[in-house]
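See structure below.
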Amino acid sequence: MVDLIAHTDGACSGNPGPGGWGVLMQAKDGGTVVKERTLSGGEPATTNNRMEVTAAIEGLTAAPRGAEVMLHSDSEYLVKTMTRNWKRSANRDLWERLDTQVAKRKVSWQWVL
């Protein structure tokens, strides 16, 4: 049973350029969404991939330790790095932060189009 669903997204204008990230967190009780919370932020000079990973970090950080989280993202880069061990040659600082948050929760990854 999933405790939380995190719908994440990130983007920037230009690559690099000013960017932002957002998360819609949904708490579930017996399959019914009982509470929602939104999170967002941005950076003045960033890349699309950095914003996608940052959204996942921020969503998981907002989830309690031990929670079961289904994370939805349209970022193939994010989801396949986490599920298929794609190479992490860039953004190592963010991957370390993400790994720390994932280790504290039960996370499932869902790539959405």
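Report every pair of residues separated by at least 6 positions or lying on different chains whose Cβ atoms are under 6 Å apart, first residue within the range 13-32 and without any contact (Cβ under 8 Å) to a residue 40 or more places away in the chain and within 19 Å of ILE57 (Cα to Cα), second surrounded by 17 or more Cβ atoms within 10 Å (Cβ to Cβ) and among the acidic types (Asp, Glu).
What qualifies is GLY19/GLU43; GLY22/ASP9; VAL23/GLU58.
Restricting to the range 74-88, name every residue that is among the β-branched types (Val, Ile, Thr) and surrounded by 15 or more Cβ atoms within 10 Å (Cβ to Cβ). Before you say what the answer is, go through the steps one by one.
To start, the set of residues in the range 74-88 that are among the β-branched types (Val, Ile, Thr) comprises 79, 81, 83.
Within the range 74-88, VAL79, THR81 meet the criteria.
Might you check whether a residue that is of a type in the set (A, V, I, L, M, F, W, C) and at pLDDT below 95 occurs anywhere in the range 79-88?
Within the range 79-88 (the criterion being of a type in the set (A, V, I, L, M, F, W, C) and at pLDDT below 95), the answer is yes, since at least one residue qualifies.
May I ask you to list pairs of residues, at least six apart or on different chains, whose Cβ atoms are under 9 Å apart, with the first in the range 58-78 being in a loop (DSSP other than H, G, I, E, B) and the second being surrounded by 16 or more Cβ atoms within 10 Å (Cβ to Cβ) and among the basic types (Lys, Arg)?
Pairs found: ALA63/ARG105; PRO64/ARG105; ARG65/ARG105; GLY66/ARG105; ALA67/ARG105.
Listed residues GLY31, GLY19; which is of a type outside the set (A, V, I, L, M, F, W, C) and farther than 20 Å from ASP3 by Cβ?
GLY19
Return a yes/no flag: does the range 51-63 have any residue that is more than 10 Å from the chain's Cα centre (by Cα) and surrounded by fewer than 19 Cβ atoms within 10 Å (Cβ to Cβ).
Yes - at least one qualifying residue is present in the range 51-63.
What's the total number of residues in the range 22-50 that are farther than 20 Å from ALA67 by Cβ, open to solvent by less than 40 Å² (accessible area, probe 1.4 Å) and not β-branched (Val, Ile, Thr)?
Going through the range 22-50 one residue at a time, the tally reaches 1.
The values are calculated or read from the model by the stated rules, or taken from the named source; none is laboratory data. What you see is a predicted model; the values in this text were computed from it and never measured. Because the Cβ atoms are built from the backbone with ideal geometry, glycine has one as well, and the counts that use them run over all protein chains shown. These accessible areas exclude ligands, DNA and RNA; they are computed on the full protein's heavy atoms, side chains included. Shrake-Rupley method; radii C 1.70, N 1.55, O 1.52, S 1.80 Å.
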